[in-house]
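The values are calculated or read from the model by the stated rules, or taken from the named source; none is laboratory data. All of these numbers come straight from a predicted model, not from anything done at the bench. Cβ coordinates were reconstructed from backbone atoms using ideal geometry, including for glycine residues, and neighbour counts include every protein chain displayed.
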Amino acid sequence: MLRNKGSTSKVGLKTSNQENDDWSLRFPTKLIKEQTLLLPVRLSPGYAASTPPVIAIPLDQLSDPGVARLVNDEYLGDGFEAFERDHLLRYLRSGDCLIDIGAHFGLYSIFASASIKGLQCVALEPHPVNFKILETSIRYSHLHGSIKGLQCALGEYDGVGKLRINSSMGHHLAKDDVAGSDVMDTPVHTLDNLIERFDLGRSAARIWLKIDTEGREKLVLSGARNLLRSGHVQGILWESSVGPLENPENKEIQLFLKGFGYSTQKITPSSMSSILVE
């Protein structure tokens, strides 16, 4: 719901699926364009961008509780997943390549590209609605020269997979034999083959991975063995929980990465950071 009042607009949000959990925020009218909220992306202290970066969120997406939380944290708080973003930013530098796997609306890619001139970003998102928002956000942020978006999922094979539809932030690869109204076909690639096909990150000596695939992180890494073996991937930021629950594959993922020379630490209750040990 959008209500105009002078120089501000009142936008309705929904924080959960409960009927009585509706609430609202008031934004400057200049942030509302063509039924789209141009949500300012918070940069870390000491960083600035020539064009203020934004996430271009259609107003009808604000009924999704995850999107509403993103908007609230980004606009009123320190930023959505601010600690994880700041942690990643400490390592990135000009000339690096960040591969953002499970990019959603592109927040991490836009945040990083706006902060570090000369950073290459590849944003991978399988859901068509999320991907369209990602592309629109890149355009509004004037970062089309820094971020390459690809609509696909990553896994341990190349072909067509099943994407289970959940909340905006909860879509994930399902088993291939599932069917129903809550699944849709999606292109699936291994990261190794995607890099070969699109020549991703070839000019970067240092590559960083951010993986948020709702419990399918091990599948992504299984399809990236050649890349991990190359020594170019300096670090990996990955989600270690699925909703309120810890990913049962966390220990297996840590052992897998240890075999390629990575040391892993928990940086938040829901995130792990794996750094290549020299």
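The listed residues are Ser274, Ser263, and the only one of them that is of a type in the set (S, T, N, Q), touching a helix residue (DSSP H, G or I) at 6+ places or on another chain (Cβ under 6 Å) and assigned to a strand (DSSP E or B) turns out to be Ser274. Take Lys218 and tell me if it is touching an Asp or Glu at 6+ places or on another chain (Cβ under 7 Å), in a helix (DSSP H, G or I), in contact (Cβ under 8 Å) with a residue 24 or more places away in the chain and buried (at least 16 other Cβ atoms within 10 Å of the Cβ). So Lys218 fits the description; yes.
Of all residues in segment 69-78, those being out of contact with any Phe, Trp or Tyr (no Cβ under 8 Å at 6 or more places or on another chain) and either surrounded by 15 or more Cβ atoms within 10 Å (Cβ to Cβ) or without any contact (Cβ under 8 Å) to a residue 24 or more places away in the chain (or both) number 3. Do we have any residue at all in segment 194-212 that's without any contact (Cβ under 8 Å) to a residue 40 or more places away in the chain and under 18 Å from the mean Cα position of the chain (by Cα)? No: zero hits. Taking the listed residues Ser137, Ser109, the one that is out of contact with any helix residue (DSSP H, G or I) (no Cβ under 7 Å at 6 or more places or on another chain), at pLDDT 95 or above and either assigned to a helix (DSSP H, G or I) or surrounded by fewer than 24 Cβ atoms within 10 Å (Cβ to Cβ) (or both) is Ser109, with no other qualifying. Applying the set (1) under 21 Å from His87 (Cβ atoms); (2) of a type outside the set (A, V, I, L, M, F, W, C); (3) surrounded by fewer than 16 Cβ atoms within 10 Å (Cβ to Cβ); (4) touching a residue at least 24 places away in the same chain (Cβ under 8 Å) to Gly231 leaves exactly one unmet item: (1).
Checked against (1) in a loop (DSSP other than H, G, I, E, B); (2) of a type in the set (A, V, I, L, M, F, W, C); (3) at pLDDT 95 or above, Met169 meets all criteria but (3). Is it true that Ser181 is surrounded by 19 or more Cβ atoms within 10 Å (Cβ to Cβ), part of a loop (DSSP other than H, G, I, E, B) and at pLDDT below 95? It is false that Ser181 is surrounded by 19 or more Cβ atoms within 10 Å (Cβ to Cβ), part of a loop (DSSP other than H, G, I, E, B) and at pLDDT below 95. Across segment 234-278, which residue is modelled with the lowest pLDDT among those that are among the small types (Gly, Ala, Ser) and surrounded by 16 or more Cβ atoms within 10 Å (Cβ to Cβ)? It comes out as Ser241. Which residue pairs have Cβ atoms closer than 6 Å, lie 6 or more positions apart in sequence or on different chains, and pair a first residue in segment 19-48 that is over 17 Å from Ile116 (Cα atoms) and part of a loop (DSSP other than H, G, I, E, B) with a second residue that is modelled with pLDDT of 90 or more and of a type in the set (A, V, I, L, M, F, W, C)? Qualifying pairs under 6 Å: Gln35/Leu59.
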